[in-house]
Amino acid sequence: MNYPELALIAFILSIIFSIGGVGSAIAIVPVMGWLGVPLMTAKPTGLFINTLSMLSATLKNIKHGKLDHRFGLPILIVATAMAPVGAYAGKFIPKVYVLWVFVAFLLYSGTMMIFFKPRRKERKGNHIVEGSLIGGIAGFLGGLLGVGGGGIISPALIMLGYEPKKVAATTALVVFFSSLSGFLTYWGMGTLDWELLLWVSIPAIAGGWLGTHLMHFKMSSEQVKKVIGVMMYLIALKTLLVAMG
């Protein structure tokens, strides 16, 4: 296993994906799999990266008063409860099926990045029922795939008409807790590679910080999101070939 190569890839992917406001685990996990890292080891590494990156985002949101706890609580509770279920289920689901789910997840997220235009009008609805359903699906798939579930939560809530800034703050909070609970489940199952975790996590966090800086000061996030969407399609194609091979 080439740790320096994995560290460099994690750094680059984290820069690119954070510019578009997306956690890099969705790309890092399958790429690590292509490079020979066992999927059950790659997934908790991705969740650990998400946990640390979303912690800093959540603390910043709390500091600036952007977090609506009542809105996010139903999503958080259900997603955090379902992430360990997804993580544990991955122990019994054959790898090829997990890869097929990964392909579907990447295609969904890529399509949202390229084509979806968020509504700007605040919507009032039964957010407890909607949030619980979205949180359950996102938590389970986030734990199963090692990606935290933010790629499902954010576009789903925006499609339902909720205000994008509120959604972004809520997603960061939920992904922190769901990623942490999923990571702890993998740790309990004994699938962690601590050396890999150290090599990959530090560059990924540094890349995420740099990407966020570039997003705010240097680049258009909308253009980058389209590039990320295309990258997700390409990663989905490669993952599909792996699943079929």
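Kindly list the number of the only condition in (1) of a type in the set (A, V, I, L, M, F, W, C); (2) within 16 Å of the chain's Cα centre (by Cα); (3) in a helix (DSSP H, G or I) that fails for Trp187.
Result: Trp187 fails condition (2) only.
Out of all the residues in region 186-194, is one or more on the phi > 0 side of the Ramachandran plot and in contact (Cβ under 8 Å) with a residue 24 or more places away in the chain?
no
So, Ile114, is that one of a type outside the set (Gly, Ala, Ser), farther than 25 Å from Lys165 by Cα and either modelled with pLDDT under 80 or surrounded by fewer than 17 Cβ atoms within 10 Å (Cβ to Cβ) (or both) or not?
It is false that Ile114 is of a type outside the set (Gly, Ala, Ser), farther than 25 Å from Lys165 by Cα and either modelled with pLDDT under 80 or surrounded by fewer than 17 Cβ atoms within 10 Å (Cβ to Cβ) (or both).
Looking at the structure I just gave you, is Val103 surrounded by fewer than 23 Cβ atoms within 10 Å (Cβ to Cβ), closer than 26 Å to Glu195 by Cα and modelled with pLDDT of 90 or more?
So Val103 fails the test.
With the condition kept exactly as written, say whether any residue in region 164-177 is surrounded by fewer than 16 Cβ atoms within 10 Å (Cβ to Cβ) and either under 16 Å from the mean Cα position of the chain (by Cα) or over 23 Å from Trp100 (Cβ atoms) (or both).
Yes.
Under 8 Å by Cβ, and 6 or more places apart or on different chains, what pairs join a residue from region 152-169 that is part of a helix (DSSP H, G or I) with one that is open to solvent by 50 Å² or more (accessible area, probe 1.4 Å) and among the small types (Gly, Ala, Ser)?
Close Cβ pairs satisfying both conditions: Ser154/Ala168; Ala168/Gly21.
Looking only at region 5-14, decide whether some residue is of a type in the set (D, E, K, R) and more than 24 Å from Gly211 (Cα to Cα).
no
Of all residues in region 179-201, count the ones that are closer than 15 Å to Ala25 by Cβ and open to solvent by 40 Å² or more (accessible area, probe 1.4 Å).
Here the count works out to 1.
Regarding Val147, is this residue under 23 Å from Trp34 (Cα atoms) and at pLDDT below 90?
Considered against the rule, which asks whether it is under 23 Å from Trp34 (Cα atoms) and at pLDDT below 90, Val147 comes out as yes.
State all residues of region 140-151 that are part of a helix (DSSP H, G or I) and open to solvent by less than 10 Å² (accessible area, probe 1.4 Å); if no residue qualifies, say none.
Gly142, Gly143, Leu144, Leu145 - these are the residues of region 140-151 that are part of a helix (DSSP H, G or I) and open to solvent by less than 10 Å² (accessible area, probe 1.4 Å).
If you check Ile137 against the conditions, is it part of a helix (DSSP H, G or I), without any contact (Cβ under 8 Å) to a residue 60 or more places away in the chain, farther than 30 Å from Met244 by Cβ and not acidic (Asp, Glu)?
Here the answer is no, as Ile137 does not meet what is asked.
Looking only at region 67-78, how many residues end up being open to solvent by 60 Å² or more (accessible area, probe 1.4 Å) and more than 12 Å from Thr171 (Cα to Cα)?
Here the count works out to 2.
Residue by residue through region 1-59, note down the ones that are outside any helix (DSSP H, G or I) and modelled with pLDDT of 85 or more.
Hits for region 1-59 are Asn2, Leu35, Gly36, Val37, Pro38.
I'd like the residue in region 202-245 that is open to solvent by 20 Å² or more (accessible area, probe 1.4 Å) and hydroxyl-bearing (Ser, Thr, Tyr) and, out of all such residues, is modelled with the highest pLDDT.
Selected residue: Tyr233.
Looking at region 24-31, is at least one residue touching a residue at least 12 places away in the same chain (Cβ under 8 Å), of a type outside the set (A, V, I, L, M) and closer than 18 Å to Gly149 by Cβ?
yes
Just one of (1) more than 13 Å from the chain's Cα centre (by Cα); (2) surrounded by 13 or more Cβ atoms within 10 Å (Cβ to Cβ); (3) modelled with pLDDT of 85 or more trips up Tyr97, so point out which.
Against the list (1) more than 13 Å from the chain's Cα centre (by Cα); (2) surrounded by 13 or more Cβ atoms within 10 Å (Cβ to Cβ); (3) modelled with pLDDT of 85 or more, Tyr97 comes up short only on (2).
The values are calculated or read from the model by the stated rules, or taken from the named source; none is laboratory data. All of these numbers come straight from a predicted model, not from anything done at the bench. For neighbour counting, all protein chains shown are included, and Cβ atoms are generated from backbone atoms with ideal geometry for every residue, glycine included. Note: accessible area is taken over every heavy atom of the protein model, side chains too, but ligands, DNA and RNA are not part of it. Shrake-Rupley method; radii C 1.70, N 1.55, O 1.52, S 1.80 Å.
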